[in-house]
Every structure is written in C-alpha cells, then in structure tokens.
1. Do you know which residues across segment 125-180 are free of Cβ contacts under 8 Å to residues at least 40 places away in the same chain and in contact with a strand residue (DSSP E or B) (Cβ under 6 Å, 6 or more places away or on another chain)?
2. Would you say Ala301 is in contact with a Leu (Cβ under 7 Å, 6 or more places away or on another chain) and within 30 Å of Val370 (Cα to Cα)?
3. Filter segment 25-45 down to the residues that are in a loop (DSSP other than H, G, I, E, B) and aliphatic (A, V, I, L, M), then identify the one that is nearest to Cys59 (Cα to Cα).
4. Just for strands (runs of 3 or more DSSP E) wholly inside segment 141-197: which have at least 3 residues that are more than 19 Å from the chain's Cα centre (by Cα)?
5. For segment 512-585, please list each of the strands (runs of 3 or more DSSP E) lying entirely inside it that holds at least 2 residues being in contact (Cβ under 8 Å) with a residue 12 or more places away in the chain and within 33 Å of the chain's Cα centre (by Cα).
6. Looking only at residues in segment 369-384 that are at pLDDT below 70 and not in a strand (DSSP E or B), which one is farthest from Glu425 (Cα to Cα)?
7. Can you name the residue in segment 238-268 that is small (Gly, Ala, Ser) and closer than 30 Å to Trp118 by Cβ and, of all such residues, is surrounded by the fewest Cβ atoms within 10 Å (Cβ to Cβ)?
8. I'm trying to understand the selection: among the residues of segment 136-162, which are out of contact with any Lys or Arg (no Cβ under 8 Å at 6 or more places or on another chain), over 22 Å from Val313 (Cα atoms) and surrounded by fewer than 23 Cβ atoms within 10 Å (Cβ to Cβ)?
Amino acid sequence: MKAVALLLLALLALLLALLSPATALDFYGDSVTFMPPLKQKDGSFKVTFRRRQNGRSSCKDQSSLSCEDASCSGLSEDAVQQTDRDATGKNRWCQSERSATVSSSNTSFSLRDSGCCWSSNMEGRTNWTSSAELDLGRRSDSHAINGCPVTATVSSLRVPQNCFSKLSLLAHDPDGDLVRCRFASAASAPANFVLDKNKCELTASGKVAVGGHVFELLLEDFPRKNITLTYADGTTARREASDTSATPLCKVKLQFSLEIVVSIPNCEAGHALPVFLSQTPSDGDLLYASVGKSFQLSAHAQARHTSVHDFQVSGPGKMTKEFTKSREGKASATLSWTPDLKDLYRAVPVCFTAESNETQSDMRCVVVIVTQASLLQGKASVKCSPNKMSVVLEKASMPGIDENFLHLTDSSCSLSSNGTHIMGETSFSACGTKLVDNGDFLVFKNEINSFVLPSEVIVRRKKVRVDISCQFPKSISISNYFNLHKSDYVFTESSFGSFGYTFEIFTNSNFTTKVAPMAYPVEVKLMDMIYMGIQAQSTLEKVTLFVESCKATPDDNPNNTNSYDILKNGCKQDETFKVYKSDQNTFNFEVQAFKFTGNLDQVYITCTLILCEPESSFSRCSQGCLSDPSRRRRKRSLNKETVGHSVTQGPFRFVRQADSNAAVADNVPLMKNSVPLAAVNPIYPNVKVSERGWGIKEILNTNISTVVFACTFFVLLALLVVVVGFFIMKRKDEDRRSLLVSGCEN
C-alpha cells in the first residue's frame, strides 16, 4: 500500500509541475517582435522586444525568454499585460504581452524559451519551444541595425472543414527585405497542409482533419540588394541580394494553433462565415500612429445568417476595444491605442477576426508604425481606370517637399512634376502595385514614399508617405442601388497581367450613346430591341475578346437556376440575338426585350468572357461555337488564354402598357421567328406560345369568353340547387320511415 501511495504522490507531483505558473497555459502559440536596437556608450546594443503569448486559462502566467549566449546581460522584464480574452466567459482563449530589454556586445544574439503543454492537437505535440535570433550588424543601405520580420496571430483560429482554403500570415519586414517562411526543423507540416514559403500562406492539399492542429514556423529575412554588415568589433560581412542559402539576417518563430471544426452547409462569405466590409483596413496595410495621440482602427463585418458577437484582437498592451452591433447581421469594433515615447519607431502587428458562434472570419493583420508626427500626409487626387491609376499630388499641401526624392513602392518608378503638382501613373501590374481582397471590394494599392540616398549621412527633408488606391466592387445588388450601375470589372492573371472589361447598355444600334447610370433600372417594353456592348482593356497590346455565353436571370445572381440562355458555348440560342461587327476587343449585340413568366419584372444579363492571344490557333477564342462542349481542346498554359470571367449588367425593368393598348396588342398574332420575352418559360425555354390560334390568355381576354363563363356559372348553380334539394328530401323521407317503424314496435 505504501508503494501505491508513493506512486500516487509522484504522479501528483508531476501533475503539479506540469501545471506550474510557467506552463499553466493551455498553450496556443506565441510571437516575438523587436524594436530597433540602440547602441550604448560602451559599444554594446540595447535590444527591446515584446512577446505575445496565446493560451486558454490564465494568460498572465507568461514564461520568460532568456539569452542563449554569455554576451547577453541585464535582462529586464515589465509586467505581463492581458491584451484580449474570450468575451463569452467560457475561457476559450486569451492573449498577453510582455516587454523586455537586454544588452548584447556580440555580433548577434538569440532568445529561447520552452515549456509544456500545447493545446490538444491531432499531431500529438506537447512540448513547445520559442526562439528568435537577431544579427547586430549595421547595414550599408540604411546605416541602421537590421529590423526583424513582424508577425502575429490572434489567439484562437478556427474554420469549418469544408470551408478551409487558405490562411494568410503576416510577414512584414521594416527594411523591405525578402521574407521567407518555413517549418521549424523539429516541426513538420500537419497532414494535407501546404506552406507557400514566399507568400507565407497555408493552403490545403486535400481534406484536412477535424480537430486542433499546431504550427511552428520560422520567418527569415534576406536583403533584396547587396549589402555589407559592419559590427561593433570592426569586422564586416557581405550579404548577396536575395540569397536564401546564406545565413538570414533575423529569425523569429511564429507558433499558433488552428482548429478545424465540423463542416457547415454554406461556405459563402457573409452567409454563416463573417466577412469584412469595405471600410475595414486591408490585410497587410501599413498604418501610422503618433506618440501621445490616440490611434483608432475600425473593423466592420457582416454575417447575414448568424450573429457576430465579438471581434478577437491581437494588439499591443493598453489597446481598448469598443464593440457595436447593427441590423442585417452587421457588427463593428473600434480599436483605440495611444503610443507613448518608448513606442517610438515601433512596428506593431495588429490582427483581428470577427467571431460568430459557429466560426470566424478570415484573419486580417495590419502593421502600425509609430512616428513623431513628422510624416507628411499630402493631398492627392487619384483617377482609376480599368487597368491603371493616375495620381496628382498638390505641392501646396506639403510645404518643403522635394519631388526629386520621391518614388512609388517600386523604387524604379519615379514621378514627374511641374510648378504646382507632382504626377505619377502605373498599371495595376507594375510599380509594386498590390492587389488586396478587401471583402466586398478588390483594392489595388500603391504609395508615394520619400527616400534617402545610400551616401547621405544626414538629411533635412521631411519623410513623406501618400497612399493611393483604386477599389472595384466584386458585386453590387443593382436593384438596391440603382445609381451605382455596374460597368467596370478588373481582373489579374499571371500571364495576362491586369485587364478589365466594361459592360454597358446603349440607346441604339450605333453603340455610341450609353444609358446614363442615373437611368438605371433601364425601363423597356416587350418587343423593344435592347443594345449592349462589352469592351476589353488589357495591358497587352494584342488580345482577342471571346464571349462564350450570355444568359438572363430575374435578379443579379448569375447562378440563379431560373435563367434563360441567349448565347451558350459560343452558339446563338435566342432567335432575336444579333452580333454587330467591331474590333477584336469589342462585342456589341442586340436582343429583343423579354420578361420572365410569373410576377417578375426585372431582367439581368450575365456574360462569360475569355481573352486570348491572337496567334494561339487552338485557344477557346479560335474554336467559336461548340455545340458539343466535350470536344473542346483546351490547355490554357499552351493556348494563352484567360479563365472565363463573368460580368453582369442591368436591370432591365419591364414596363406594362396601358390597358387600352394591351387589349389590342393581345389580339395581334405573334410574329414568326420572334420570341417576345413574355413568352419565355425559363424552366422549359424551348416551349413557346403557339404561333397560330388563341392561347389561354387571349381566350380569357375576349368579350365572348365573358358571356360563356357567365352562362356556365348560372347553369352549374342551378344544378347545385337541384342536387342539394334532392338530398334534403331523401333525408326527410328516411327520417319519416324510421319514426313509423319505431311507433309500430311500441
């Protein structure tokens, strides 16, 4: 018995050890960010870093990172600050942040921490290890110590099994270096997860398993141009541009957990999965805050078939969150933070998700750069075209600006100027322009930045940064926003760059006068001809536009099963459809107005478009009409064509004719070889109203039919009276007989 008791005591001691303050977290992951190191009088460097740690129960019990080499000294830590926690009261997740300072006189230094235990996971991992390594050489390009990649995640990531497609991770480098992600040497990728090293993005290569999965990644930065590093002891080291086989300038470990939950019926963003709305900053945005001034960030999300009850946030200590809900499943969070002097020049990662009971939105992360408010924000005018944007900057709004030291994101793209303005222009596929999926908008972003020459030791120019962007709605419910007619569409593909389509309604067959946006919805009468035109705009000089299909729907959902084909697989389906000759980038056509059967008075037209290079003889464009789509020969990489993109225009609204005209029109025989829209049955489109004789509608609308139906009604009424009288008399006769029989028996 004593042996058993001792064994139980040993097990209890082990359990208590596992639950010690350093490991009390049900560990969900962590990340480390660095401030720019400061050189001290003795030649050593003072390095300040902050660690965010994610867990489940008590996030204030954070363990400590320690130096791995003897050259580190003077480790000083601030108190742990809890930055966010689960608002449901169920302690599902929490996050904390701690700031620490250390001194080092070596050419580099490294931090390390380890503990137990990871949250329950499919990989069976228990122990975790945190680490970071920083090179302390002064760079020849910036004359400063290298800055480490900035990254973070929210505490708890979760996504339904059937909805997981990708997870984008923050990987910002303050020096503009190339950042690559890889799995740590002791950690392999969970089954069916694939990591894109250059994009720092997780995708699925198959069906991912339901349950928790843990990830341990290393983010490493490499210079994009040749630099020399100079150390405190006078030694130097050379780094070649983008040489990923060389020793990285910095390594930071990112650890996080991802829970795959059971599948849900609908993965459409905004349905049960919350989706961010256009007012929300884009993933990867650089935002700026000033010392001593309140910085605010607003996130807006919507889930039409569930409730957004909170926003999960990974941010700095003392950042506050104000949550509000509104109608139609919308909710918003306003994050507020006031940096103090010790935050100056800090690059702060802020990540957030919109939370519902079932799941959460995609994670978005931004980087907040803390400045002394010397950053000039100029007044710029941006003009957006389907495949490029132009910017004009007023010099008067930025006194003392030097246009000779400004460029776009890509430093090779300079700007021009005159006496009053600075001008620039770029296509959506050049000059470092970035395409961002911003929920219900696609945003093309660039910026004007000031720069410093490598030979300059001091400068007296103010730092300049001007954001420029163009955003295009993915889809618009035109029935709700008639003044916002949808005509411009922009797409990007690697082999075709950026290209756009305009889809317009015209007033006549000359295709010169467009219907004004304020005239939407466009009112038409049955049998009217409607004129529409599609034009392709591409950065490539020679492309051919091919319209593969056009179909009508009663709303702006092109996937509505209630639809009618006008053009299908390049083949004409509607007898009134006619294409007008034009150049290879334009498709003008007409079709006779129609409406859907039933109480549906609106029609939208959606066309599927493909761009091809003219010399590709086996492309879809060269094949034309395919009555049998299975005969299609297609290999896009060889045939140089885009995927099919859909564009929608409308609505056309059916205008009812006056009653006096309707009676006449209904008695006019239908013209041969024309199918008015009123005669189209979208379920059986080949079934048409008879061209001869009267249909049911015509019979019901005549005076003769009124007399016939009136006579029939009175005859049926008389018969009903006779039948009812007969049964009443029969019932009375039966009652009389039953009374006589009972009287005789008595």
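1. Thr126, Asn127, Lys166, listed by residue number.
2. Numbers: in contact with a Leu (Cβ under 7 Å, 6 or more places away or on another chain): yes; within 30 Å of Val370 (Cα to Cα): yes.
The answer is yes for Ala301.
3. First pass over segment 25-45, keeping only residues in a loop (DSSP other than H, G, I, E, B): 25-26, 28, 35-37, 40-44.
Narrowing the set further to residues that are aliphatic (A, V, I, L, M) leaves 25, 35.
Values: Leu25: 7, Met35: 23 Å.
The extreme case among them is Leu25.
4. Details: elements: 157-160, 166-168, 178-183, 193-196.
Qualifying strands (runs of 3 or more DSSP E): 178-183, 193-196.
5. Working: elements: 522-524, 529-538, 544-553, 564-568, 578-580.
Passing ranges, in order: 529-538, 544-553, 564-568.
6. To start, the set of residues in segment 369-384 that are at pLDDT below 70 comprises 373-380.
Now narrow it down to the ones that are not in a strand (DSSP E or B): 373-375, 377-379.
On the way: Ala373: 28, Ser374: 26, Leu375: 23, Gln377: 19, Gly378: 17, Lys379: 16 Å.
Looking at residues that are at pLDDT below 70 and not in a strand (DSSP E or B), I get Ala373.
7. The initial filter retains those residues of segment 238-268 that are small (Gly, Ala, Ser), namely 241-242, 245-246, 257, 263.
Still in the running and closer than 30 Å to Trp118 by Cβ: 257, 263.
On the way: Ser257: 26, Ser263: 12.
Checked segment 238-268; the qualifying residue surrounded by the fewest Cβ atoms within 10 Å (Cβ to Cβ) is Ser263.
8. Hits for segment 136-162 are Leu136, Gly137, Arg138, Arg139, Ser140, Ser142, His143, Asn162.
The values are calculated or read from the model by the stated rules, or taken from the named source; none is laboratory data. The model shown is predicted, which means the values in this text are computed figures rather than measured ones. Using ideal geometry, Cβ is built from the backbone for each residue, glycine included, and neighbour counts are taken over all protein chains shown.
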